[in-house]
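A short worksheet on the structure shown next.
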Number of protein chains: 2
Amino acid sequence: MEWRDQTITVELLTEEKMREKYDYLLFSAGGDISKEYAPIAKEAGNIVIDNSSYWRMHEEIPLVVPEVNGHILRDYKGIIANPNCSTIQMVMALAPLHRVYQMKRIVVSTYQAVSGSGNKAILELEKQNDDPNYPPSVYPKPIAANCLPHIDVFYENGFTKEELKMVNETQKIFNDETIQVNATAVRVPVFNGHSESVTVTFNSTPRLLEVRELLSSEAGITLLDDPAHLKYPTPLEIQGSDSTFVGRIRKDLFDPCTLSMWIVADNLRKGAATNAVQIIEKMEEMKH
Amino acid sequence: MEWRDQTITVELLTEEKMREKYDYLLFSAGGDISKEYAPIAKEAGNIVIDNSSYWRMHEEIPLVVPEVNGHILRDYKGIIANPNCSTIQMVMALAPLHRVYQMKRIVVSTYQAVSGSGNKAILELEKQNDDPNYPPSVYPKPIAANCLPHIDVFYENGFTKEELKMVNETQKIFNDETIQVNATAVRVPVFNGHSESVTVTFNSTPRLLEVRELLSSEAGITLLDDPAHLKYPTPLEIQGSDSTFVGRIRKDLFDPCTLSMWIVADNLRKGAATNAVQIIEKMEEMKH
């Protein structure tokens, strides 16, 4: 396969190959492949970083955003799960605040780009932008000029799988089952870059000046918060960056322990590939 | 002016004209015009229904969604304010629940269509969908393939005027200053139809079955809530309807007094023109 100026050899995945020894294995071919092959690779002593959702909620599998809970990977071997894109950017922005003020409850509404559904979805949005009658196939309804409150499957309790991922993965990453998450996941006609409207209630009262300091000094976070000068993140502006962008930080008008903010990240980068690569970097760093 | 198969006479607005007697006067030409001419018309004994934001928060001016608080217009003469589009659809969906369970707190994130900014904004989105480099002029940043957490001007406290409208107008319409509203208003690349992700906490525990019954039997509300059969409202599907559509109703996973829901309405209809016309209908109805 040609990629940029390199020729990359693509080999067929086999059980034998998984029994060989690798520095790291990155899985990103869906849950079924991960379910079948990751345990074989692990058995052979490999470290597997899995981008699928399959292993995320298995109790013995670490679910890692390196900046937030990378320390749990010290001396670890085996399968490591890469969280869901919407979860990663939210916990990135909340981690430095949680350390100081202790989160109690999060209400989040997402504005998710079609790139999260793969290249076919990008084409579907392009085609529908040109021709509103172009029939949907990736999504159940037209996505152009529309908003779909429907990502992944629905459960009996009325939430979608995507929304419950944000609940369960957030609790697991912070290792705290008392954190309440109420999520609404919505697909919007944006090609790339997820946005999130987050309202978070802490156990103690955050001071805005300190909140800004905590976020500005956090690795992997870019504070873009000066609305009078049009400084707030939008998906179009932050594409291609590995950072998580935070803006529109403000105190709730009624509850001094509650903050609202707007969090945007490139879902293909920090929401997926970048986070997986950073897991490797973190593990290498902890070897020294 | 030709409109459909009718010829409509357009006359110049003058103070003299406002001193004549009319059944009803509908104002929809911006705050400055309303500020200057509505009091003259009122002085002459007219009923003015004003679509601008100018009179909404004046204490002596009724702010009305007919289904919610239309009764306050009985025997009223003078200026009546039509609420902001985002507020109208939210209070429509919440009113029947508030009557039974008493609202305490609302967290809302909006997904607002460009039609709310007028025809120029529709053209801007069309042009940018074709050419991503088409420069923004209605909006401060490109709206195509983007989300802008910026509607109307910013205040010192970090909220936008649009967000504070949702706080203040909701309290005024329900005549209850204890109702807490936390709003995030976001413009999305949708031509027409506003969507809202609403999480509402009541003083008592709502029962889902009863919630659905209350909403289905409410005039002006259409319950579209059977996600397993893809029944949830989207802006593209509900365009041209005078109803407010509610779906994705579910109980919070942690707080039995909290519900989440997805509310969609045609912002040019129920969010503006329809509500103004319904104010007239309600006043006529109360004459009998």
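Restricting the chymotrypsin sites (Phe, Trp or Tyr not before Pro) of region A:49-95 to loop positions (DSSP other than H, G, I, E, B) with no more than 11 neighbouring Cβ atoms within 10 Å leaves nothing. Note on region B:40-189: Cα convex hull, mean projected area over all directions, 10.6 nm². Residues whose amide H lies under 5 Å from that of A:L26, counting only those 5 or more places away or on a different chain, are A:I49; hydrogens are built 1.01 Å from N in the peptide plane.
With helices as the sole contributors, the protein assembly as shown gives -9500 deg cm²/dmol at 222 nm; each DSSP H run of n ≥ 4 counts as -39500 (n - 2.57), and the sum is divided by every residue. Note that region B:68-74 has calculated 3J(HN,Hα) couplings of 8, 9, x, 4, 6, 8, 4 Hz, one per residue in order, obtained from phi through the Karplus relation 6.51 cos²θ - 1.76 cosθ + 1.60 (θ = phi - 60°); glycine and proline are x.
Its Cα gyration tensor gives region B:86-267 an equivalent ellipsoid; the semi-axes, largest first and in whole Å, are 30, 19, 13.
Here the protein assembly as shown is treated as a Stokes sphere of Kirkwood radius computed over C-alpha pairs; at 4 °C and 1.567 mPa s its diffusion coefficient rounds to 51 µm²/s. Value of Rg to Rh for region B:1-59, rounded to two decimals, is 1.02; Kirkwood radius and Rg both from alpha-carbon coordinates. Pairs exceeding 27 Å between alpha-carbon atoms, taken from B:K104/B:K287; B:K104/B:K141; A:K77/A:K172; A:K161/B:K251: B:K104/B:K287; B:K104/B:K141.
Between this copy and the others, label points of A:D23 are 8.1 nm apart in ascending order, each placed 7 angstrom from Cα in the Cβ direction. Under the combined filter of DSSP loop state and at most 13 neighbouring Cβ atoms within 10 Å, region A:26-103 retains these trypsin sites (Lys or Arg not before Pro): A:R74, A:K77. Among beta bridges from DSSP that stay inside chain A, the antiparallel ones total about 65%. Applying both filters, DSSP loop and at most 15 other Cβ atoms within 10 Å, to the GluC sites (Glu not before Pro) of region A:38-91 gives A:E59, A:E60.
Quick note: the coordinates plus some simple rules give every number you see, no bench work behind them. Since the model is a prediction, treat every value here as computed from it, not as a measurement. So basically every Cβ, Gly included, is an ideal-geometry build from the backbone, and we count neighbours across all protein chains shown.
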